[in-house]
Amino acid sequence: MSDTADRYRKLAGQMEDRIAAVSGDQWDHDSPCEGWTARDVVRHVVDTSGMFLSFIGESVPADAPSVDADPLGAYRAATGAVQAALDDPARAGQEFDGMTGRTTFEQSVGQFGCGDLVIHQWDLARATGQDERLDPDEVRQMHAGLQHAGDMIRSPGVFGPAIEPAPDADEQTRFLNFVGRRV
């Protein structure tokens, strides 16, 4: 298995734990993503998983529950399908033309899908009153990678404008402010 497959497994598990901790009445709580509820954060991660799978001619299983009916079940089905593709070297190495040029499924999930899991863990935690701490190594890696991504990360539907962090802000706060999150 690749480092990306292992990293995705770890991050998907962390996000799953956060989803499992959401109580029924918290699904409609506002998230830090403007116009999104806690349920919408999970819907985005499920939809994004489907988008990545579509790049290699695959999809989330047709019998997967909807996010409205079963957010955790929908999430497990979507991330399980991504994980299965990452665990298969032929599927993981399948190439396609992405937003940044020719890439592989594994590279795309490693660069964007894993990042989504890190950032949206925080969004869901904030929306539902959970522990908001993120893996410091992931925060460091994501922040460094995104600083080199240029204006692409500020396009509509990606990240909002960066927020100037307080001079004494910790590393996680600096990262979250960089991706437009108010902490």
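Within segment 163-183, how many residues turn out to be within 20 Å of A127 (Cα to Cα) and surrounded by fewer than 13 Cβ atoms within 10 Å (Cβ to Cβ)? Even if it seems obvious, please write down each step before you answer.
Initially, segment 163-183 is screened for residues within 20 Å of A127 (Cα to Cα), giving 163, 172-183.
Those still in the list that are surrounded by fewer than 13 Cβ atoms within 10 Å (Cβ to Cβ) too: 182.
Count: 1.
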So, in segment 153-162, of the ones that are more than 20 Å from S49 (Cβ to Cβ) and free of Cβ contacts under 8 Å to residues at least 12 places away in the same chain, which residue ends up surrounded by the most Cβ atoms within 10 Å (Cβ to Cβ)? R154
Can you name every residue in segment 1-54 that is in contact with a strand residue (DSSP E or B) (Cβ under 9 Å, 6 or more places away or on another chain) and of a type in the set (S, T, Y)? S31, T37
Considering only segment 34-152, give the helices (runs of 4 or more DSSP H) lying wholly within it that have at least 3 residues that are open to solvent by 40 Å² or more (accessible area, probe 1.4 Å) and more than 28 Å from E171 (Cβ to Cβ). 38-54, 71-87, 89-92
Might you check whether a residue that is more than 26 Å from F159 (Cα to Cα) and not hydrophobic (A, V, I, L, M, F, W, C) occurs anywhere in segment 37-58? yes
Condition set of a type in the set (D, E) and modelled with pLDDT of 95 or more, scope segment 5-33, selection least open to solvent (accessible area, probe 1.4 Å): answer is E16
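The values are calculated or read from the model by the stated rules, or taken from the named source; none is laboratory data. The structure presented is a predicted model; accordingly, all values stated were derived computationally and were not measured. No Cβ is skipped: glycine too gets one built from the backbone with ideal geometry, and neighbour counts run over all protein chains shown. Accessible surface areas use protein heavy atoms only, side chains included; no ligands, DNA or RNA. Shrake-Rupley method; radii C 1.70, N 1.55, O 1.52, S 1.80 Å.
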